[in-house]
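Shown next, in structure tokens, is the structure this report addresses.
Bear in mind these aren't lab numbers, they're just calculated from the coordinates by the rules spelled out. Since the model is a prediction, treat every value here as computed from it, not as a measurement. Backbone-built Cβ (ideal geometry, glycine too); neighbour counts: all protein chains shown.
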Amino acid sequence: MKKTIFVILLIFLAILICIYMNYKQMAMAHAEAQKFNKQYEFYNKETILGTDITTIINKAMDNNETYSVSKDEKNQYIPNETDSIKIYLCLKAEDKPSPMEEIVEIGLTDFTSLFGEVTFQCADIKYHEKTGKIAEMTFVLSKY
């Protein structure tokens with residue numbers, strides 16, 4: 001009788017430990033996602049300058065390189081389900097958003113000299129479903 005109760009308590013304790021560890025891991029992942037998102041959501045303001053866009057693109061490129069995000073044949077990052085981030089720019093209201101890789105290909109220095117003092121607005125933010133981290137941000141030219 002005592003052995004049976006002891007085994008049941010042991011199983012119950014093991015289940016509780018597993019639940020606690022799973023909860024702890026989820027809480028840490030959520031905190032990591034919030035910390036990651038904070039550095040990008042900082043730019044989700046009324047208006048930001050083109051120089052800030054350059055900073056965001058550099059951060060996104062560094063992030064994608066850190067997490068070894070794959071590239072396609074056009075040398076553009078292929079979004080994954082966890083860590084990739086894409087930045088898109090619309091320079092005209094009717095334009096299709098341009099991915100950050102096209103801006104980098106043209107040259108960030110040239111972009112900054114042309115659009116450094118121009119204001120942009122964050123039009124859209126999308127998040128990864130698995131991790132809750134930012135997956136995409138779209139910025140639209142607001143005015144010259």
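Among the trypsin sites (Lys or Arg not before Pro) in segment 89-144, those located in a DSSP loop and surrounded by at most 14 other Cβ atoms within 10 Å of their own Cβ are Lys92, Lys130. Counted over segment 35-143, the DSSP beta bridges are approximately 70% antiparallel. On full extension, the segment bounded by Leu13 and Thr82 gains 21.6 nm, given 0.36 nm per residue less the C-alpha separation. Proximity of backbone amide H atoms, modeled 1.01 Å from N, is registered between Cys90 and Ser98, Phe139, Val140, Leu141 at under 5 Å, excluding neighbours fewer than 5 places apart on the same chain. Residues whose amide H falls under 5 Å from that of Asp124, counting only those 5 or more places apart or on a different chain, are Thr138, with hydrogens built in the peptide plane. In a DSSP loop and with at most 14 other Cβ atoms within 10 Å, the trypsin sites (Lys or Arg not before Pro) in segment 23-68 are Lys45.
Where does the longest stretch of the chain lie that holds no GluC sites (Glu not before Pro) found in a DSSP loop with 14 or fewer other Cβ atoms within 10 Å? In the chain, the maximal stretch lacking such sites is 1-45. Residue order for Phe36, Phe120, fewest other beta carbons within 10 angstrom first, comes to Phe36, Phe120. Mind checking which helices in the chain clear 15 Å along their axis (Cα) and have mean Kyte-Doolittle hydropathy of 0.0 or more, DSSP H runs only? Span-like helices in the chain: 2-41.
When the helices of the chain are scored as -39500 (n - 2.57) per DSSP H run of n ≥ 4 and the total is divided over every residue, the value at 222 nm lands at -17000 deg cm²/dmol. When the chain is treated as a GNM with alpha-carbon contacts under 10 Å, the residue of Cys90, Cys122, Cys18 showing the greatest mean-square fluctuation is Cys18.
For the chain, a/c is not less than 1.5, where a ≥ b ≥ c are the root eigenvalues of the C-alpha gyration tensor, and a/b tops b/c. That puts it in the prolate class. For the pair Lys2 and Ala27 in one chain, pulling the backbone fully straight at 0.36 nm per residue adds 5.3 nm over the alpha carbon distance. Take the chain, connect every pair of alpha-carbon atoms lying under 10 Å apart with a spring to form a Gaussian network, then pick out the residue of Ile17, Ile85, Ile106 with the largest mean-square fluctuation. Checking each option, the largest mean-square fluctuation is seen for Ile17.
Mind scanning Lys35/Lys126; Lys24/Lys45; Lys45/Lys96; Lys35/Lys86 and naming the pairs with a C-alpha gap bigger than 26 Å? Over 26 Å apart, Cα to Cα: Lys24/Lys45.
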